[in-house]
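The values are calculated or read from the model by the stated rules, or taken from the named source; none is laboratory data. These numbers were taken from a predicted model, which means no experiment stands behind them. Using ideal geometry, Cβ is built from the backbone for each residue, glycine included, and neighbour counts are taken over all protein chains shown. For the accessible areas, the whole protein counts, side chains as well, though only heavy atoms, and no ligand, DNA or RNA atoms are used. Shrake-Rupley method; radii C 1.70, N 1.55, O 1.52, S 1.80 Å.
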Amino acid sequence: MKVVLFCGGLGMRLREHSESIPKPMINIGYRPILWNVMKYYAHHGHKDFILCLGYKADYIKNYFLNYNEAISNDFTLSGGGRGMRLLNSDIDDWNITFVDTGMHSTIGERLRLVRRHLDGEEMFLANYGDVLTDAPLDRLISRFQASGKTAAFLAVRPTYTFHVVDMLDDGLVKKVTDVSVADIWLNGGYLMLRPEIFDDLHPGDELVQQPFQRLIEREQLLAMRYEGFWAPLDTLKDMQHLEQLYASGEPPWALWQKAAALSLPR
């Protein structure tokens, strides 16, 4: 199943980093968050990627054109360094299509611009390229396929701390609730779509605004609640949190590491 990744935005909330590199290329450990997102999909068997490029597209292209498998895989060195044999690999069986979708395009416009690369697909996956999760993708896809809906997304709890205020028109407060116990769900950025989405996606549309509203009116949009691990990369605090999880040795999104550990002989 093809995976569309939106990685052409400016990333203004992490401007101190995105001025030099595009936000999806900010490292978590020694690999960009975009690589981690792609590795998650590849772990579930989805290795055909379409990258919607824009801001600093050359940086993303060069990263993959000069990709070094030895950095994140075991290998055997011989001949005093003249010979190298990989014992396993990351992206050898990935297919990556790089598409320039403009510097200032909306997510909806970027999706429209890669439509030709989705011809013949019964459904496809999409992601913002800067959010991580350990959600059970196979089960989510099965549920979406059975639903017959046009679109679905992972619905998650907010990761930040704030208080929700319920008040009257005159400002009198009725209730203040911590977001952790309030019934608030966010679009988690993991999307499942059928080609029919293009019937509701008009020129200039932002995907989650106009098209999703049209789907809601026809009862064609499904939200899948997930209360497990989910984390965005929007702020410096988010980046530090993800780095800490990576440094722990067991980052929750790295399902491929857990699978590899289970396969080791005991």
Taking Lys174 as the anchor, which aspartates and glutamates have their alpha carbon closer than 17 Å to its alpha carbon, excluding any fewer than eight residues away along the same chain? Asp166, Asp183
How many percent of all Cα-Cα pairs in region 137-266 sit more than 27 Å apart? 42 percent
Exposed GluC sites (Glu not before Pro) absent: longest stretch of the chain, with sites in DSSP loops and at most 16 other Cβ within 10 Å deemed exposed: 20-120
What net charge is computed for the residues neighbouring Leu245, neighbours being all others with C-beta under 14 Å from the C-beta of Leu245, Lys and Arg scored +1, Asp and Glu -1? -1
Quick one: net charge around Arg157, please, counting Lys, Arg +1 and Asp, Glu -1 for every other residue with C-beta under 11 Å from its C-beta. -1
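Hey, what's the Cα Rg ratio for region 59-187 versus the globular rule of thumb, 2.2 N^0.38 Å? All intermediate terms of the calculation are to be shown ahead of the outcome.
Working: Rg = 22.8 Å, N = 129, 2.2 N^0.38 = 13.9 Å.
Region 59-187 yields a ratio of 1.63.
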Largest to smallest accessible area among Tyr190, Tyr30 [probe 1.4 Å]: Tyr30, Tyr190
For Arg115, Arg194, give me the order by solvent-accessible area with a 1.4 Å probe, most accessible first, ignoring ligands, DNA and RNA. Arg115, Arg194
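Give me the net charge for the shell around Gly120: Cβ to Cβ below 13 angstrom, other residues only, Lys and Arg +1, Asp and Glu -1.
Numbers: positive: Lys2, Arg115, Arg116, Arg194; negative: Asp48, Asp119, Glu121, Glu122.
My count for the surroundings of Gly120 gives 0.
Rounded to a whole number, what is D in µm²/s for the chain from Stokes-Einstein with the Kirkwood radius over alpha-carbon pairs (25 °C, 0.890 mPa s)? Display every interim value, and only then the final one.
Numbers: Rh = 20.2 Å.
Translational diffusion coefficient: 122 µm²/s.
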Roughly how many Å is it from the Cα centre of region 163-193 to that of region 18-78, as a whole number? 35 Å
Over 10 Å intervals from 0, what percent of Cα-Cα pairs in region 154-206 sits in each interval? 19, 29, 24, 23, 5
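Let me check against my output: what whole-number percent is the relative contact order of the chain, with C-alpha pairs under 8 Å and at least 6 apart?
23 percent
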